[in-house]
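Reading through the C-alpha cells given below for one structure.
Each reported figure results from applying straightforward, stated rules to the coordinates on display, with no laboratory input. What you are looking at is a predicted structure, and each value in this text was computed from that prediction instead of being measured. Cβ coordinates were reconstructed from backbone atoms using ideal geometry, including for glycine residues, and neighbour counts include every protein chain displayed.
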Amino acid sequence: MEQHTEQKKRPVFLTVLAILSFITIGLGLLGALFGFLAGPLTADQMEQILAQSAEQVEQFNSSGLGSFAETYEQIIRLQQYINNNFYLHNLVSLAGLVLGLIGVIFMLKGNRSGFHLYIMYNLVNLLLVYVSVPVDEVPSFMMVVNLVFSALFIFLYSRNLHWMKA
C-alpha cells in the first residue's frame, strides 16, 4: 500500500521545474500585457533610440570591438522590425505563453499532454522572432541560446514523464 501511495506523489524535481517555468512565463505574460498597454514606440521614440544606438556603436568601433558593434546594430534592427509588427508579435507571444502556462499546469496535475503543450510553447517561443523579422536579420547567437534553454527544459521535463499519465 505504501509503494502505491509514493508513486502518486508528484516528483520534487517536477515541482522545481514548474516553479522556474512559472517565473519565466509569468514575467513574459506581464511583459506582453504591459507591452499591449503601452503600445508600439512612436517615431520620435524610435529616433531617440537610434541616436543613442549610433553613439554606442561608435564607442564599440573606437574601442576595437567591431563585432559587438555589428551585433548591436543587428539587435537594433530587430527591435525596429518587432516595433513595426508590434501587435502581431505580441499577440503570438501572448498565445505561446498561455500555451506554456497551460502545459506546465497540466504536467503538475500529472497529465502527459502538458508536456506536448510545453514543447509547442517552446517552438512558438523559438520561432516567434520570425513572425516580425526577416531570417537574415536574426542574430544567430540569440537563436542558439533560446534553443539550448528550450532543449534543456524539455529534456528536464521529460525526466518526469514516467510519473505522468497519458
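Selection of the range 94-145 for residues being over 12 Å from the mean Cα position of the chain (by Cα), of a type in the set (S, T, N, Q), closer than 30 Å to Glu73 by Cα and surrounded by 15 or more Cβ atoms within 10 Å (Cβ to Cβ) yields only Ser132. Of the candidates Gly35, Gly64, Gly26, the single residue that is surrounded by fewer than 16 Cβ atoms within 10 Å (Cβ to Cβ) and assigned to a helix (DSSP H, G or I) is Gly26.
Among the residues of the range 40-60 satisfying the criterion of being surrounded by 11 or more Cβ atoms within 10 Å (Cβ to Cβ) and part of a loop (DSSP other than H, G, I, E, B), which is nearest to the chain's Cα centre (by Cα)?
Pass one, the range 40-60, residues surrounded by 11 or more Cβ atoms within 10 Å (Cβ to Cβ): 40-41, 45-50, 52-54, 56-60.
This time we only want the ones that are part of a loop (DSSP other than H, G, I, E, B), so: 40-41.
On the way: Pro40: 19, Leu41: 21 Å.
Going through the qualifying residues, I end up with Pro40.
Scanning the range 19-34 turns up one or more residues that are under 18 Å from Arg159 (Cβ atoms) and either among the aromatic types (Phe, Trp, Tyr) or in contact with a helix residue (DSSP H, G or I) (Cβ under 6 Å, 6 or more places away or on another chain) (or both). Within the range 109-153, the set of residues being farther than 17 Å from Leu94 by Cβ, of a type in the set (Val, Ile, Thr) and without any contact (Cβ under 8 Å) to a residue 40 or more places away in the chain comprises Ile119, Val135, Val144, Val145, Val148. The residues in the range 123-153 that are touching a Phe, Trp or Tyr at 6+ places or on another chain (Cβ under 7 Å) and in a helix (DSSP H, G or I) can be counted, and the count is 2.
When the residues of the range 154-166 are narrowed to those that are part of a helix (DSSP H, G or I) and in contact (Cβ under 8 Å) with a residue 60 or more places away in the chain, which ends up farthest from Asn125 (Cα to Cα)? I'd like the intermediate steps shown before the answer.
Here is the first cut: in the range 154-166, the ones part of a helix (DSSP H, G or I) are 154-158, 161-163.
Those still in the list that are in contact (Cβ under 8 Å) with a residue 60 or more places away in the chain too: 156-157, 163.
Numbers: Leu156: 18, Tyr157: 17, Trp163: 26 Å.
The selected residue is Trp163.
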